[in-house]
Amino acid sequence: MAKYIAEPYRIKVVEMIKQTTYEERLDYLKNAGYNPFALRSEDVYIDLLTDSGTGAMSDQQWGALMVGDEAYAGSRSYYKLEAMVKKITNYRYFIPAHQGRGAEHVMLPLLMKKDNMVFISNMHFDTTRAHVELAGARAIDCVIDACFDTATYHPFKGNFDLEKLEQIIIEKGPENIAGIIMTVTNNSAGGQPVSMENLRAVSAIADRHNITKIIDGARYAENAYFVKSREQGYQDTDILTISHELFSFADIFLMSAKKDGLVNMGGVIAIKDDTELFKRAQTRVVPYEGFPTYGGMSGRDMEALAVGMFEALDEHYLKHRLDQVRYLGDRLKAAGVPIQFPVGGHAVFVDCKKFAAHIPFDQFPAQSVVNALYLEAGVRAVEIGSFLLGRDPDTHENLESPVEFMRLTIPRRTYTYAHLDVVADAVIAVYQKRDKLVGLTFDYEPPVLRHFTARLRYL
Ligand code: P71
């Protein structure tokens, strides 16, 4: 039996990528302040920084660009996209946004009925947490403990801890909860899925306390495929039907369309049936994103997104997508490299607490592995750990993240299994000389979101 399944597409356009020498990479990385965010993408051979906006569009999507209606108001492309969002969600209202954080910026402050409210999520993604805090609220994560036990199998490591959820609601008081955000899949700890059973239970708890339910569904289609393949009773259900059930458990859907929308830029705000909230969102979108029928997107981009959202429901596409991630995870696991297991939907998360156990958290073990991987083979990954987490705003001490991950994020429909073999070989080579890895410290540390622009040096 083949170790992998073949691509459900053939290649019509190619983009050349460049291999570099070790000496060149050493020079590039030094100039980048040992922070791969500062590398030029043309000096990267295989770019696994993110799956956000980095995928390949189909011929159907490129064709759709040509028929975009760029009218300021009432664009035909808006109505096409609205129809697709309604078809997938069964919600009544839709407003476009330029990307996920634009959708968050419009919606989250509207849910603040008073000061000092809190949002509860399985795990808030970084930008979501930032917008919760900018809205004057606090963000509490409530994922199951199994999520942090990287070595042990659990089919749905993105699940809410239901007991903890009830506890937090009682402790804070339901009137102080601005919303419950279900992040599907749970990006921050591995692209881990949330089960339908768990979403159903969270929804029932929220309803009992009269709390607004939000789906942060950047990767909802990948979550739906995990439900189909891992949850009892869904084996014969199609992805659209599974999606309908998933969306039935929320009142609001926010989406970075740069992921399962299969486009390079775009965002979605959808509201189930609250007409008053829709009107308020329409009012707020105008000054921040744009007129409510474009919300920061060009007409052609709305066309491409309408097609992309349809293509993302295709099971051959989803099966291949998740199989690519599974394949890379299997190769690393077979070589003894510690990873978040099972792998999730969009990336392999390498557990660098174990990989570089001799480097303390405030010398950024995962960042050290990320740099070594770039030097090894020109592969760019991203740190998800204490480097990204930052400092305590009060004490100014470095915060210790519960996880130190190197995320190998797979763009959609972009790389082949041969590329993944290059990645696996390089990670394994770095693992075999892991005791030579050295920690890092700051040459320059910006006050906020430091990981984007910091400059580092080896200790
Ligand atoms: C990812 C990203 C993009 C990213 C963001 C910040 C730093 C580096 C990379 C974005 C998400 C996401 C979820 C679950 C909302 C957003 C924001 N993820 N929710 O994983 O994963 O969407 O980027 O379109 O504004 O690399 P946006």
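The values are calculated or read from the model by the stated rules, or taken from the named source; none is laboratory data. Please read these numbers as outputs of a predicted model, since none were measured by experiment. Cβ atoms come from the backbone with ideal geometry, glycine included; neighbour counts cover every protein chain shown.
Screening Thr89 on (1) farther than 14 Å from Ala270 by Cα; (2) away from the ligand (no atom under 16 Å from the Cβ); (3) surrounded by 23 or more Cβ atoms within 10 Å (Cβ to Cβ) shows it passes everything except condition (1).
Scanning the range 429-459 for residues being in contact with a Leu (Cβ under 7 Å, 6 or more places away or on another chain) and part of a helix (DSSP H, G or I) gives a total of 2.
Is the range 20-28 home to any residue that is under 30 Å from Asn371 (Cα atoms), within 16 Å of the ligand (Cβ to nearest atom) and of a type outside the set (Lys, Arg)? No - not one qualifying residue is present in the range 20-28. Hey, any hits in the range 105-121 for a residue that's closer than 15 Å to Asn186 by Cα, under 21 Å from the mean Cα position of the chain (by Cα) and either within 13 Å of the ligand (Cβ to nearest atom) or surrounded by fewer than 19 Cβ atoms within 10 Å (Cβ to Cβ) (or both)? Checking the range 105-121: at least one residue is closer than 15 Å to Asn186 by Cα, under 21 Å from the mean Cα position of the chain (by Cα) and either within 13 Å of the ligand (Cβ to nearest atom) or surrounded by fewer than 19 Cβ atoms within 10 Å (Cβ to Cβ) (or both).
So if I check each of Gly299, Gly329, which one is buried (at least 19 other Cβ atoms within 10 Å of the Cβ), over 18 Å from the mean Cα position of the chain (by Cα) and away from the ligand (no atom under 16 Å from the Cβ)? Explain how you work it out, then say what you get.
Numbers: Gly329 fails: over 18 Å from the mean Cα position of the chain (by Cα).
On inspection, the qualifying residue turns out to be Gly299.
Val350 falls short of the stated requirement of being β-branched (Val, Ile, Thr), surrounded by 24 or more Cβ atoms within 10 Å (Cβ to Cβ) and under 17 Å from Lys86 (Cα atoms). Selection of first residues in the range 342-366 that are in contact (Cβ under 8 Å) with a residue 12 or more places away in the chain and assigned by TED's automatic domain parsing to the domain that holds Arg413 and of second residues that are aliphatic (A, V, I, L, M) and in a loop (DSSP other than H, G, I, E, B), restricted to Cβ pairs under 6 Å at least 6 apart or on distinct chains, gives the following pairs, ordered by first then second residue: Ala356/Leu437; Pro365/Ala356; Pro365/Ile359. With respect to being out of contact with any helix residue (DSSP H, G or I) (no Cβ under 6 Å at 6 or more places or on another chain), within 16 Å of the ligand (Cβ to nearest atom) and either at pLDDT below 95 or not in a strand (DSSP E or B) (or both), Val423 falls outside the description. Scanning the range 6-43 for residues that are in contact with a Lys or Arg (Cβ under 7 Å, 6 or more places away or on another chain), more than 22 Å from Arg450 (Cα to Cα) and surrounded by 13 or more Cβ atoms within 10 Å (Cβ to Cβ) yields one hit, Tyr9.
The residues in the range 177-221 that are part of a loop (DSSP other than H, G, I, E, B) and within 16 Å of the ligand (Cβ to nearest atom) can be counted, and the count is 12. Taking Gly329, is it free of Cβ contacts under 8 Å to residues at least 60 places away in the same chain, touching a strand residue (DSSP E or B) at 6+ places or on another chain (Cβ under 6 Å), small (Gly, Ala, Ser) and within 30 Å of Ala366 (Cα to Cα)? Judged against the criteria, Gly329 is a match.
Out of all the residues in the range 122-161, which are in contact (Cβ under 8 Å) with a residue 24 or more places away in the chain, more than 23 Å from Leu108 (Cα to Cα) and of a type in the set (A, V, I, L, M)? Ala151 - this is the single residue of the range 122-161 that is in contact (Cβ under 8 Å) with a residue 24 or more places away in the chain, more than 23 Å from Leu108 (Cα to Cα) and of a type in the set (A, V, I, L, M). Any chance the range 131-144 includes a residue that's within 16 Å of the ligand (Cβ to nearest atom), crowded, with 18+ Cβ neighbours inside 10 Å and closer than 30 Å to Glu303 by Cβ? Checked against the condition, which is being within 16 Å of the ligand (Cβ to nearest atom), crowded, with 18+ Cβ neighbours inside 10 Å and closer than 30 Å to Glu303 by Cβ, the range 131-144 yields at least one hit.
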